[in-house]
Amino acid sequence: MRRHTVTYEPFDVVVVPFPFTDSAKTKRRPALVLSGKKDFSSIIEHTVLAMITSQKNEPWPLDVAINDIAESGLTSPSVVRMKLFTLDNRFIIRKSGSLSKNDQTNIKKI
């Protein structure tokens, strides 16, 4: 029997227990939803996400600055980092906002 979970749309900003690549530990962090209901998110109930991090960190190739902090629900200047992962929808803690149309356009460029 399928369980019913909330699915999210591309460009939603959500809070998740972000996995560290060098450890089994997690920490609550914002992430950007890349997949949507029409993708496999509703079929297998997992979502493809990209890391969101503060600009205090060393830049990575393809980092994209989030210019509209308020609409995204973030509290400090941040970038979308193309460090991708999938997560069972049950583990998404909450939606904090969505990227503005301008920020969405910048993500689509990469």
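Model label points for residue 84 and residue 44, set 7 angstrom from Cα along the Cα-to-Cβ axis, are 1.2 nm apart.
Can you pull the semi-axes for the range 12-108, root of five times each eigenvalue of the Cα gyration tensor, sorted largest first, whole Å?
Listed largest to smallest, the semi-axes of the range 12-108 are 20, 17, 12 Å.
Only helices enter the 222 nm calculation for the chain: every DSSP H run of n ≥ 4 contributes -39,500 (n - 2.57), and dividing by all residues gives -2500 deg cm²/dmol, rounded to 500. Remark: relative contact order (the chain) = 30 percent; criterion is Cα-Cα distance under 8 angstrom and separation of 6 or more residues.
Coordinate-derived values only; no laboratory data. In this text, all values refer to a predicted model and were calculated from it rather than measured experimentally. With ideal geometry, Cβ positions are generated from the backbone for all residues, glycine too; neighbour counts draw on all protein chains shown.
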